[in-house]
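Data block below; observations after.
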Amino acid sequence: MSLPEMSRSMLKNSLLLGLFAVVTVGLVAITQQLTAPRIVAAERAAQTQLLNQLLPAGSFDNLLQDSQVTLAVDPLLGNRSSKNAYIARLSGQPSAVILPVTAADGYSGAIHLLVAIKANGQLAGVRVLKHKETPGLGDKIELAKSAWIHGFDGKSLSDPAESGWAVKKDLGQFDQFAGATITPRAVVKAVHQALRYFDAHQRELLSPGSTAVENSTGRNSNG
Ligand SMILES: Cc1cc2nc3c(=O)[nH]c(=O)nc-3n(C[C@H](O)[C@H](O)[C@H](O)COP(=O)(O)O)c2cc1C
């Protein structure tokens, strides 16, 4: 092959390669554009399903995801950054609050929870959003693995009394798991503290126009 022929061939191959790259990048971008709204919709549907599970049917008539307030960082919630709570309403009146809560002292680190509290201070339900506890031991906090988490339903700051808010091994009212006390102990403590948070903030949380809630020390922090 002569030199000009080789140059022509190299140029042709380079152009083909470039064209291929442009087409591939274009296809990926189009696919992403087409699927992004569906992914967002699927995530929203999953979140709605979880939020709706936490409150009894008929106890609210608003869209929970469209009714959020930003909570400042507060030791009682255990979150490291400000997070949103969901306010349930029935005929415009706040009927419950779903608080984002973190138990920092799980066996394998943080356990992220949603704690639903009715306006009367009773727990409507608790669910685990994310955790790293050991399968077969600490993961019984998941509803998919055991009904243990339902043990909080209907409980409140005064029922059981202060001393009852512990696992049975610590002379409280809540079961621990066989060979795994650390995980349920952390969750019981976090739920108890969430009830204390609600007690301290229920006026702001349940006020019709609330948009932000200060922390328990009175400072509004986003740290
Ligand atoms: C590999 C391994 C994984 C464990 N995972 C957990 C766990 O996820 N949650 C838990 O509470 N305990 C777990 N344990 C058991 C704890 O170390 C501890 O013995 C147990 O929670 C009982 O705590 P207590 O002595 O305070 O009652 C695990 C132990 C081992 C050896």
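The values are calculated or read from the model by the stated rules, or taken from the named source; none is laboratory data. Remember, it's a predicted structure, so these values are computed and weren't measured experimentally. Because the Cβ atoms are built from the backbone with ideal geometry, glycine has one as well, and the counts that use them run over all protein chains shown.
So here's what we get for this one:
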quantity	calculated
Tabulated pairs, the stretch 154-177, first in the same structural domain as Lys189 (by TED's automatic domain parsing), second part of a helix (DSSP H, G or I) and of a type in the set (Gly, Ala, Ser), C-beta under 6 angstrom, 6+ apart or interchain	Gly172/Gly164; Gln173/Gly164; Phe174/Gly151
Test: residue in the stretch 174-197 that is aliphatic (A, V, I, L, M) and in a strand (DSSP E or B)	yes
Options Leu171, Leu143: the member that is modelled with pLDDT of 95 or more and on the phi > 0 side of the Ramachandran plot	Leu171
Residue match in the stretch 133-145 (condition: of a type outside the set (D, E, K, R) and either in contact with a Leu (Cβ under 7 Å, 6 or more places away or on another chain) or outside the structural domain of Leu206 (by TED's automatic domain parsing) (or both))	no
Filtered residues of the stretch 171-200 (kept if within 12 Å of the ligand (Cβ to nearest atom), small (Gly, Ala, Ser) and surrounded by 15 or more Cβ atoms within 10 Å (Cβ to Cβ))	Ala180, Ala186
Count of the stretch 147-170 residues which are within 13 Å of the ligand (Cβ to nearest atom) and in a loop (DSSP other than H, G, I, E, B)	1
Flag if Thr102 is under 18 Å from the mean Cα position of the chain (by Cα), polar (S, T, N, Q) and modelled with pLDDT of 95 or more	yes
Residue pairs meeting the criteria (Cβ under 7 Å; at least 6 apart or on separate chains; first closer than 30 Å to Gly121 by Cβ, in the stretch 34-58; second among the aromatic types (Phe, Trp, Tyr) and at pLDDT 85 or above)	Leu51/Tyr86
